[in-house]
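Taking it in order: structure first as structure tokens, then the write-up.
The values are calculated or read from the model by the stated rules, or taken from the named source; none is laboratory data. Worth saying up front: this structure is predicted, and the values here are computed from it rather than measured. Virtual Cβ from ideal backbone geometry, glycine too; neighbours counted across all protein chains shown.
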Amino acid sequence: MKSYPELAGRIVKWISDYAKENEISTLVIGVSGGVDSAVTSTLCAETGLRTIALSMPIHQRKSQNDLSLSHCNWLKSNWNNVETDIIDLSETFDSISLALGSKGNSEMALANTRARLRMATLYAFAASNEGIVVGTGNKVEDFGVGFYTKYGDGGVDISPIADLYKSEVFSLASSLGIIQEIQEAAPTDGLWADGRTDEEQIGATYEELEWAMREIEDPSEEEPSERQRQVMARYIELNKANSHKMKPIPVFKRSDR
């Protein structure tokens, strides 16, 4: 069994080493109110480097926004190197939605536009403060089912928890003392007006997806249940559909030189 305080220390050192090697002075991270961003921002704070945590609501549900603000306040109260800011992108989002018109404002397109607006905001802060954007995706999202927005929350410079399963992120959250309400909140990407959860969008829990990912990496001899067959089929479906996010961009190669 992993020692999560020890694992946290290794991740903090990894972030610090990367920053030192690349002469980075500031870490910029978006805080959504979810456990992934809470854990990642806390690990950033632990480096002692200047850490800018941004809450970027876009017509956000009050419950989600409150968790984001609570975590930002918790960070500031525990680490002197943390700065927080609230950048309300609601009016910006409305303007873009209007400009896109009926041909560019489908429900999915607008959800992804929210994520890309936040990415642009994070990079504006990073560019203005000699910083980098720190990603918050976990292993199942980033390398399993591709549950993120291309050039949105997938647009980052480093990914400290992208090799951790969701269960490992929750264990880190507990050991780091993350606010209990955040640990208990249903995971959601916060991109939909109806507040739909990740499970509702994916059709499986992170625990089930984690099982599928582990099963593919190291198959067991046990006969899967009917539910496990359904989950595996869904996992494979999403992995295939979102493979374009997880693979390098195709590049035409000239054959005449």
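When you check D157 against the structure, is it modelled with pLDDT of 95 or more and surrounded by fewer than 22 Cβ atoms within 10 Å (Cβ to Cβ), yes or no?
In short, yes.
One residue is enough: does region 211-224 have a residue meeting the conditions under 27 Å from V12 (Cβ atoms), hydrophobic (A, V, I, L, M, F, W, C) and at pLDDT 95 or above?
Yes.
Restricting the search to region 241-257, which residues are surrounded by fewer than 11 Cβ atoms within 10 Å (Cβ to Cβ) and either closer than 11 Å to L209 by Cα or of a type outside the set (S, T, N, Q) (or both)?
Hits for region 241-257 are K247, P248, I249, P250, V251, F252, K253, R254, D256, R257.
Determine the pairs where a residue that is closer than 21 Å to A124 by Cα, located within region 47-73, has a partner that is surrounded by fewer than 23 Cβ atoms within 10 Å (Cβ to Cβ) and among the aromatic types (F, W, Y) with Cβ atoms under 6 Å apart, the partner being 6 or more residues away or on another chain.
Filtered contacts from region 47-73: I52/F125; I58/F93.
Would you please list the contacts, defined by Cβ atoms under 8 Å and residues six or more apart or on different chains, that run from a residue in region 228-250 that is in a helix (DSSP H, G or I) to a residue that is of a type in the set (D, E) and surrounded by 17 or more Cβ atoms within 10 Å (Cβ to Cβ)?
Q228/E208; V231/E208; M246/D142
For D17, are the conditions met, namely being among the charged types (D, E, K, R), free of Cβ contacts under 8 Å to residues at least 60 places away in the same chain and under 21 Å from D157 (Cα atoms)?
The answer is yes for D17.
Would you confirm whether any residue within region 32-44 is surrounded by fewer than 17 Cβ atoms within 10 Å (Cβ to Cβ), of a type outside the set (A, V, I, L, M, F, W, C), at pLDDT 95 or above and within 22 Å of the chain's Cα centre (by Cα)?
no
Tell me whether region 143-151 contains one or more residues that are of a type in the set (D, E, K, R) and not in a helix (DSSP H, G or I).
yes
Based on this model, can you work out whether R214 counts as assigned to a helix (DSSP H, G or I), surrounded by 12 or more Cβ atoms within 10 Å (Cβ to Cβ) and in contact with a Gly (Cβ under 8 Å, 6 or more places away or on another chain)?
no
Among Y123, Y165, Y151, which is in contact with a Lys or Arg (Cβ under 9 Å, 6 or more places away or on another chain), surrounded by fewer than 18 Cβ atoms within 10 Å (Cβ to Cβ), at pLDDT 95 or above and not charged (D, E, K, R)?
So the residue among Y123, Y165, Y151 that is in contact with a Lys or Arg (Cβ under 9 Å, 6 or more places away or on another chain), surrounded by fewer than 18 Cβ atoms within 10 Å (Cβ to Cβ), at pLDDT 95 or above and not charged (D, E, K, R) is Y151.
Within region 1-105, considering only strands (runs of 3 or more DSSP E) that don't extend past its boundaries, which have at least 1 residues that are of a type in the set (D, E)?
Ranges flagged: 82-86.
Just give me the residues in region 12-30 being of a type in the set (A, V, I, L, M, F, W, C) and farther than 11 Å from V134 by Cβ, in sequence order.
Within region 12-30, V12, W14 meet the criteria.
Do you know which residues across region 134-145 are buried (at least 22 other Cβ atoms within 10 Å of the Cβ) and either of a type in the set (D, E, K, R) or more than 16 Å from T197 (Cβ to Cβ) (or both)?
Matches in region 134-145: V134, G135, T136, G137, E141, D142, G144.
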